[in-house]
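Below is one structure, written out as structure tokens; comments come after it.
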Amino acid sequence: MSGSKFQKAEKILLKNVTIIDDGYNEQKQWDIFIIDGKINAINPTSEKTDFNGAVLDLSGKLALPGLLDMHVHFREPGREDEETLKSGAHSAMAGGFTAACTMPNTNPATDNREVIEFILDEMKNHLFSIYPIAAITKDQQGEKLAEMAELVDAGAVAFSDDGKSVANSLLLRRALEYSKMFNVPIIEHCEDAHLVGSGDMHEGFVSSNLGLAGMPAIAEDVIVARNLMLAEYTGGKIHIAHISTKGAVDLVRQAKDKGIDVTAEATPHHFSLTDEAVRSFDSNFKMNPPLRSEEHVAAIIEGLKDGTIDAIVTDHAPHSIEEKDAEFSAAPFGIIGLETALGLVAKQLVKPGILSWQDIVQKMCKNPYRILGLEAPQIKAGEIANLTIIDPAGEWEVDKFNMKSRSRNTPFHGWKLPVRAFAVLNNGYFYLAEK
Ligand SMILES: [Zn+2]
């Protein structure tokens, strides 16, 4: 990795920064001393320092423990024209993330030791950390379980057939039973394929208006209900991917009350947009699960607020311009999301007072790490400097032509977002995002 924006964090002083992490007074400013990629000391800001390294003045900026996006699709191996592990990492760093979990629907699928090892090897000695998620079933065909023990041994942190549900309930039962032995979650894309059929968007008023085939909310609800029952029965850990319906949020809330080992995630697009956006027929509004109606969006926001939804993830899904630039019903599902996530979180959740930055640290760092059974970064002397620095007054306009991702499929082009990532530090490196 070269370029002046990606440098060794040998001796850096982050000066006058507000720290958002447990135990810090947000009214105060701090100086964070970093030596050889580790936090050496954190002191209240003082005028005089005889520090002989690089000094970054971060007055007005916030330091968060490094954010983890636990649901992304980097297309390597298989579709390096859409995204590689490294271009995905750069897109994520520009968006303020220091780590991500890659979904296994690559080509070949991440269902064997070699692919996991390739991914980890590719990202060795990089600022950005990747935690691969392995397939539940061989080639994600839903027929035969992958070798779960071997995959965990190789470095898989969770299992998922994301892109579709495991339709066979017996297979999902076995997956939940085995995964318990390794204490890793099963991440389910909850969708009844028969109920969804060849739907292109949320089934409702707008789909009837437009004459597009609908994907009913109940297609998600029925699978969430089944999965929760199987998790209760097996005692396994179930994580509901990109939750999008009111019914599913209600089911997860009840299951948590009952003590079932369930967690859930939501995406910025599912709390920022409704199916009304599809009236444009722009395929950048086509995703799976689809953009839902107002009542579902309100339920997602309520679920984020009351803790039913533990994590915010992007489901970053790059597609080539040729494929996405098609008639709505012919275009593939999915949008890129890493470079707009923080700004959307700020615009839709923090600015309106729904969540605080402290809550965002929980949903984009601490909870994702906890769900995966990994230790979350802390802003503390002696720890690795794994930090996300954001500018809470850094309004910017989304320009899809000026993104680090290799793909351009964002529905947020032209949006003004109130907050921007300023820098990230991790694994002995730091990276300054463009202003
Ligand atoms: Zn996904």
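Test of understanding: express the Cα radius of gyration of the chain as a ratio to 2.2 N^0.38 Å, with N the residue count.
0.95
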Counting only C-alpha contacts under 8 Å and six or more residues apart, can you give the relative contact order of the stretch 176-287 as a whole percent? 28
Among PHE430, ALA135, LEU349, pick out the residue whose Cα is farthest towards the positive end of the charge dipole of the chain, where Lys and Arg carry +1 and Asp and Glu carry -1 on C-beta, about the Cα centre. PHE430
Additional length obtainable on full extension of the chain from GLN141 to GLN254, 0.36 nm per residue less Cα span: 37.6 nm
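If you wrap a convex hull around the C-alpha atoms of the stretch 59-134 and split its volume per residue, what is the figure in Å³? Could the numbers behind the result be given before it?
Details: hull volume 6.6 nm³, N = 76.
Normalising the Cα hull of the stretch 59-134 by residue number yields 87 Å³.
Would you kindly state how much longer the chain becomes between ARG113 and LEU210 on full extension, computed as 0.36 nm times their sequence separation minus their alpha carbon distance, in nm to one decimal?
Details: separation 97, 0.36 × 97 = 34.92 nm, distance 4.57 nm.
Full extension of this stretch gives 30.3 nm more.
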Quick one: pull the percent of accessible area on the stretch 341-417 belonging to carbon and sulfur, 1.4 Å probe, ligands and nucleic acids left out. 45
Förster radius 22 Å - calculated FRET efficiency between HIS413 and GLU302, Cβ distance, rounded to 0.05: 0.15
Segment SER329-GLU10, length gained on full extension (0.36 nm per residue, minus Cα span): 109.7 nm
With +1 assigned to the C-beta of every Lys and Arg and -1 to the C-beta of every Asp and Glu, and no other charges, what is the dipole magnitude of the chain about the Cα centre in debye, to the nearest 20? 920
Residue (of PRO77, HIS126, PRO377) at the positive-pole extreme of the chain, dipole from beta-carbon charges: PRO377
Under a cut-off of 17 Å between alpha-carbon atoms, report the lysines in cross-link reach of LYS138, not counting same-chain residues fewer than 8 places apart. LYS164
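Tally the DSSP beta bridges in the chain and give the antiparallel ones as a percent, rounded to 5.
50
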Note to self: with every protein chain in place and a 1.4 Å probe, the chain gives an accessible area per residue in Å² of 39
On each of the three principal axes the extent of the alpha-carbon atoms of the stretch 327-383, given in whole Å and largest first, is 53, 30, 18
For the stretch 238-360, compute the orientation-averaged projected area of the C-alpha convex hull (one quarter of its surface), in nm². 7.9
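Could you tell me the convex hull volume per residue, in Å³, taken over the Cα atoms of the stretch 297-435?
In the stretch 297-435, the Cα hull volume divided by residue count equals 144 Å³.
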Provide, as a two-decimal number, the C-alpha radius of gyration of the stretch 1-159 over 2.2 N^0.38 Å, N being how many residues it has. 1.29
Quotient of Cα Rg and 2.2 N^0.38 Å for the stretch 205-291, N being how many residues it contains: 1.24
For the stretch 208-353, what is the relative contact order in percent, using Cα pairs closer than 8 Å and at least 6 residues apart in sequence? 23
On Cα atoms only, tilt of 85-94 relative to the major axis of the chain in degrees: 60
Relative contact order, percent, of the chain when contacts are C-alpha pairs under 8 Å separated by at least 6 residues? 20
Measuring from centroid to centroid over Cα atoms, what is the spacing of the stretch 50-127 and the stretch 356-416 in Å? 12
How big is the Rg/Rh ratio for the stretch 382-435, C-alpha atoms only, Rh by Kirkwood, two decimals? 1.06
On average, how much area does the Cα convex hull of the stretch 1-84 cover when viewed from any direction, in nm²? 8.0
Placing one equal point scatterer on each C-alpha of the stretch 106-152 and summing with Debye, one gets log10 I(q)/I(0) at q = 0.17 Å⁻¹ equal to -0.48
Across 5 Å bins from the origin, how do the percents of Cα pairs in the stretch 291-330 run, short distances first? 6, 17, 16, 18, 13, 13, 13, 5, 0
Arranged from highest to lowest average of other beta-carbon atoms within 10 Å per residue, in what order do the peptides 138-144, 321-327, 185-191 appear? 185-191, 138-144, 321-327
Setting aside same-chain residues fewer than 8 positions from LYS246, which lysines have a Cα under 17 Å from its Cα? LYS256, LYS305
Per residue of the chain, what 222 nm ellipticity follows from adding -39500 (n - 2.57) for every DSSP H run with n ≥ 4, rounded to the nearest 500? -7500 deg cm²/dmol
Sorted by average packing, counted as other Cβ atoms within 10 angstrom per residue and highest first, what order do 6-14, 65-73, 47-55 take? 65-73, 6-14, 47-55
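Hey, what's the per residue convex hull volume over the C-alpha atoms of the stretch 111-239, in cubic angstrom?
125
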Calculated Rg and Dmax of the stretch 133-173 using C-alpha coordinates, Å: 9.6, 26
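Would you mind checking the pairs LYS38/LYS400; LYS48/LYS124; LYS11/LYS380; LYS8/LYS86; LYS61/LYS237 and listing those with alpha carbons more than 28 angstrom apart?
LYS38/LYS400; LYS48/LYS124; LYS61/LYS237
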Accessible-area value, SER356, 1.4 Å probe, nucleic acids and ligands omitted, Å²: 50
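The values are calculated or read from the model by the stated rules, or taken from the named source; none is laboratory data. All of these numbers come straight from a predicted model, not from anything done at the bench. As a convention, Cβ positions derive from the backbone with ideal geometry for all residues, glycine included, and neighbour counts pool all protein chains shown. Protein only, heavy atoms only, side chains kept; ligands, DNA and RNA dropped before computing areas. Shrake-Rupley method; radii C 1.70, N 1.55, O 1.52, S 1.80 Å.
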